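For reference, the structure is listed below as structure tokens.
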Amino acid sequence: MAHIPATSLGSKSKKHFLGVPAPLGYVAGVGRGATGFTTRSDIGPARDANDVSDDRHAPPAAKRKKKEEEEEDDEDLNDSNYDEFSGYSGSLFSKDPYDKDDAEADAIYESIDKRMDEKRKEYREKRLKEDLERYRQERPKIQQQFSDLKRNLIAVSEDEWANLPEVGDSRNKKQRNPRAEKFTPLPDSVLSRNLGGESTSTIDGRSGLASMIPGVSTPGMLTPSGDLDLRKIGQARNTLMNVKLSQVSDSVAGQTVVDPKGYLTDLQSMIPTYGGDINDIKKARLLLKSVRETNPNHPPAWIASARLEEVTGKVQMARNLIMRGCEVNPLSEDLWLEAARLQPPDTAKGVIAQAARHIPTSVRIWIKAADLETEVKARRRVFRKALEHIPNSVRLWKAAVELENPEDAKILLSRAVECCNTSVELWLALARLETYENARKVLNKARENIPTDRQIWTTAAKLEEANGNIHMVEKIVDRALSSLSANGVEINRDQWLQEAMESEKSGAIKCCQAIVKAVISVGVEEEDRKQTWIDDADHCAKEGAFECARAVYNYALSEFPSKKSIWLRAAYFEKNHGSRESLEALLQKAVAHCPKSEVLWLMGAKSKWLAGDVPAARGILSLAFQANPNSEDIWLAAVKLESENSEFERARRLLAKARASAPTPRVMMKSAKLEWALNNLEDALSLLEDAVKVFPDFAKLWMMKGQIEEQKNLLERAVDTYNSGLKKCPNSIPLWLLLSSLEEKRKLLTKARSVLERGRLKNAKNPILWLAAIRIEIRGGFKDMANTLMARALQDCPNAGELWAEAIFLEPRPQRKTKSVDALKKCEHDPHVLLAVSKLFWSERKIQKCRDWFNRTIKIDPDFGDAWAYFYKFELQHGTEQQQEDLLERCVAAEPKHGEEWCRVSKDIANWCFKTDEVLKAVVKILPTPI
């Protein structure tokens, strides 16, 4: 046995794969059903970076899923998503659950980011603006590049503008292409003449003349025939010219001149006018045919079939259908009328005559027959024929009477009332045509035949009034009520009052008064009479029936002679709708029944005074003194009467007596005002000093005293007076405003602000004080402070129209409209806001809208003088003379008393005698035009 070396034995026992890397895709034990796995020792530096991952034998779905996750991770954490300040833009924890703590943290971070963004906002916007400006400087727009050239266009004259060439001008074409080939076509006479002088209609294509005709001889092309027909060439040229002219005529200055309605006119007769689906027409035809065949005696089916054919444009078929329907249903007036409508006028007469033979008692057919006639005589004949067949038709009688002259109409109506004795209209028409005696007989017969109609009775009353029998009117009305009640007719109060208003409109005044007197108490409870009658009078006045309203007031005053409220309402009614004489007569009766009513005495005195009868006004006031001794209103009315008529000594004596007998605060104020107006400032001050001691809580006394001291330039004393007054009257807003204005006049702006601040503390939520504070800042040039104050003021007084009106014009022009919308939402019916909106439209030159809003303003508050003044200034600029006069009259009638600008003029002591129209014109002069 041979000896084997040990080395060879070792190498024999050693496996050949030891120390060799595992092949790709190898998994230990996979042949025995084992599954590959990775232990912790496989992870880390112990594993080769080049090793294949352990999922190489995983299922395909798992591989795909893992690959997608890795791609997502790579997308989140690749270099393109990395930033040196913020790191990776992806989320490292996107797969983790999102819980409540995460949400809270995100909210905190988001609030911090938002706060930081707000801090940087101003800087960011500023930087963006600078970048944009820099970009525009580097790359200006085309419009900006040519702006200097556009500016130079102002030097171009009108002639140069007019001589600018058009885009397609032939002169420009020549200039652009000077080398263009010029071609002058030869006339036919040259072409038709050959060299020998013979006339021919063809030309040899090989001759030199052929080359002169464009398109005849072309280099490189062979002419198929040696002879050319010149006549055909001329015809072709004329045809081409006609085509070009047609194209040019179709377009004039870029607009087509083809008539779209007349286009394809010949085809219109072939196309049905119905615009719907033709299948619907076919279905409708089949359905209607089925209806006609199933029930041929059903007229609406025939009518519907004819109208379907009419709509689709087959008029003749429609006529044939409707005539067949008339043959099947000869007693249907609807069919005959439809047939007459579809036929032409001449044929329609024959159709309607045939219809009248079949249905002689049809009123509609006879009226249609009369309508088809063009002559009046023929129409009369038709109606008379119709009345022979239908003598009891009121409609036919009325139509026949309308065509007759009065005499023939009277004869016809006398026959008509015999045939239709229950028609009230025919009886009344006959009565109107008859004489007075005959009309009475006719109305008596009408009452016998129709005892339940009130119109016959009222017509009888109007007839008696028209003929001067006034005493009979009331009797007839009373008899009417008793007769109708006896015949079971319910007396409807509202209907009778309406009848009274109609009687007034027809001019029967006594009749309307009699009706009102007779029915005013019908169906009214005892305790409701006063209010019901007042409502009736208001309703009549609204409807324009002033005599009816006057009759209601007269009856109410006869029942309640001592009711001052009814006398006042009646007096105001006479003032607005009656004459001065009727007002004074009513007031005389009023003061006789209510002598203690001072208002009635004063109205009577004012009426006399306005009429220029000053002695009569004094007499009324003296009687009023006797009835009401020591009455403050009567004292002051007498003083006003004397002072307005320049009887100043009389006024002084009256005031002295009043101070002695009835020393009231108003009497003291009027006494001081009279002396102030007459420029007796010392006397006025002494009166006021005594008055404020006796009546310290009457704010107007302090105000007058301070204003007189201001006028005398005693500013320190005026400040002390205002301060003393505010201690006694802290709720007097005008006192606070006067003191603040005085401090501002003294150049003490801080003190003026302080005064208004104290005023707002004493009088919370007062918009007037807020407005004064805002205006102080505006006048001082502190616009930002004014805006801040306005915001606080609107929070304190959100529904104050004065503040919203000021806020609108505090805004820049583009934001004013938005602010006005907000103001209208908060204060829809506030006159200050409405006035501000009117001024806004004025500033935008929207004339009609401005006028409408001004009208709304003065309608909502006629006492608002500023609105009248602005409206009058607007009409002076944009209205006609008639509009200006109408507005002035309306203002005088309204007698406004309030408004900031209005009171500034009317309360000025220099204007103490101004009347309403004078105040209006003075205010207009100081008002600025809205801009």
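The values are calculated or read from the model by the stated rules, or taken from the named source; none is laboratory data. Quick caveat, the model's predicted, so the values are computed rather than measured. Please note: Cβ atoms are built from the backbone with ideal geometry, for glycine as well, and neighbour counts cover all protein chains shown. Areas reflect the complete protein model, heavy atoms only, side chains present, ligands, DNA and RNA absent. Shrake-Rupley method; radii C 1.70, N 1.55, O 1.52, S 1.80 Å.
What do you reckon, is Glu828 farther than 30 Å from Arg779 by Cα and either over 24 Å from the mean Cα position of the chain (by Cα) or not assigned by the TED database to the domain that holds Ile926 (or both)? Against the criterion (farther than 30 Å from Arg779 by Cα and either over 24 Å from the mean Cα position of the chain (by Cα) or not assigned by the TED database to the domain that holds Ile926 (or both)), Glu828 does not qualify.
Scanning region 889-920 for residues that are over 21 Å from Glu642 (Cα atoms), surrounded by fewer than 15 Cβ atoms within 10 Å (Cβ to Cβ) and of a type in the set (Gly, Ala, Ser) yields a count of 1. From the list Thr721, Thr750, exactly one residue is among the polar types (S, T, N, Q) and farther than 26 Å from Ala786 by Cβ. Which is it? So the residue among Thr721, Thr750 that is among the polar types (S, T, N, Q) and farther than 26 Å from Ala786 by Cβ is Thr721. When Ala369, Ala353 are screened for being in the same structural domain as Glu293 (by the TED database), farther than 22 Å from Glu310 by Cα and modelled with pLDDT under 85, only Ala369 passes.
Look at region 595-610: where a residue is aliphatic (A, V, I, L, M) and a partner is outside any helix (DSSP H, G or I), sitting 6+ places away or on another chain with Cβ atoms under 8 Å, you get Leu600/Cys594. Scanning region 799-815 for residues that are closer than 10 Å to Ala836 by Cα and not hydrophobic (A, V, I, L, M, F, W, C) yields a total of 3. Of the helices (runs of 4 or more DSSP H) lying entirely inside region 741-847, those carrying at least 1 residues that are farther than 26 Å from Asn731 by Cα, open to solvent by less than 30 Å² (accessible area, probe 1.4 Å) and modelled with pLDDT of 90 or more are 801-810, 813-826, 831-843. Checked against (1) modelled with pLDDT under 90; (2) in contact with a strand residue (DSSP E or B) (Cβ under 6 Å, 6 or more places away or on another chain), Asp863 passes all but condition (1). Screening the candidates Lys873, Lys921, Lys897, Lys915 for the property of being charged (D, E, K, R) and at pLDDT below 90 yields one hit, Lys915. Within region 714-740, which residues are open to solvent by 10 Å² or more (accessible area, probe 1.4 Å), part of a helix (DSSP H, G or I) and of a type in the set (Gly, Ala, Ser)? Of everything in region 714-740, just one residue is open to solvent by 10 Å² or more (accessible area, probe 1.4 Å), part of a helix (DSSP H, G or I) and of a type in the set (Gly, Ala, Ser), namely Ser724.
If only residues of region 322-333 that are aliphatic (A, V, I, L, M) and part of a helix (DSSP H, G or I) are counted, the one that is surrounded by the fewest Cβ atoms within 10 Å (Cβ to Cβ) is Val328.
Listed here are the residues, each with its yes/no results for (1) out of contact with any Cys (no Cβ under 6 Å at 6 or more places or on another chain); (2) without any contact (Cβ under 8 Å) to a residue 12 or more places away in the chain; (3) part of a helix (DSSP H, G or I).
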{"residue": "Arg285", "(1), (2), (3)": "yes, no, yes"}
{"residue": "Arg292", "(1), (2), (3)": "yes, no, yes"}
{"residue": "Asn297", "(1), (2), (3)": "yes, no, no"}
{"residue": "Ile303", "(1), (2), (3)": "yes, no, yes"}
{"residue": "Asn320", "(1), (2), (3)": "yes, yes, yes"}
{"residue": "Leu335", "(1), (2), (3)": "no, no, yes"}
{"residue": "Asp346", "(1), (2), (3)": "yes, yes, yes"}
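Can you find a residue that is among the hydrophobic types (A, V, I, L, M, F, W, C), under 20 Å from Cys326 (Cβ atoms) and in contact with an Asp or Glu (Cβ under 6 Å, 6 or more places away or on another chain) anywhere in region 348-358? Looking through region 348-358, none of the residues is among the hydrophobic types (A, V, I, L, M, F, W, C), under 20 Å from Cys326 (Cβ atoms) and in contact with an Asp or Glu (Cβ under 6 Å, 6 or more places away or on another chain). Among the residues of region 555-591, those identified as open to solvent by 80 Å² or more (accessible area, probe 1.4 Å) and either among the hydrophobic types (A, V, I, L, M, F, W, C) or not in a helix (DSSP H, G or I) (or both) are Ser562, Lys563. Scanning region 686-713 for residues that are open to solvent by 50 Å² or more (accessible area, probe 1.4 Å) and assigned to a loop (DSSP other than H, G, I, E, B) yields Asp697, Phe698, Lys712, Asn713.
Please enumerate the residues belonging to region 602-631 that are under 18 Å from Thr664 (Cβ atoms) and open to solvent by 20 Å² or more (accessible area, probe 1.4 Å). The answer is Leu602, Phe625, Pro629, Asn630. Being surrounded by fewer than 17 Cβ atoms within 10 Å (Cβ to Cβ), in contact (Cβ under 8 Å) with a residue 24 or more places away in the chain and in contact with a Phe, Trp or Tyr (Cβ under 6 Å, 6 or more places away or on another chain) is a property that Asn487 lacks.
Of the helices (runs of 4 or more DSSP H) lying entirely inside region 362-458, the ones with 3 or more residues being of a type in the set (S, T, N, Q) and open to solvent by 20 Å² or more (accessible area, probe 1.4 Å) are found at 436-449. Among the residues of region 483-538, those identified as of a type in the set (Gly, Ala, Ser) and part of a helix (DSSP H, G or I) are Ser483, Ser485, Ala486, Ala500, Ser503, Ala514, Ala518, Ala537. Scanning region 856-870 for residues that are of a type outside the set (A, V, I, L, M), outside any loop (DSSP other than H, G, I, E, B) and surrounded by 15 or more Cβ atoms within 10 Å (Cβ to Cβ) yields a count of 7.
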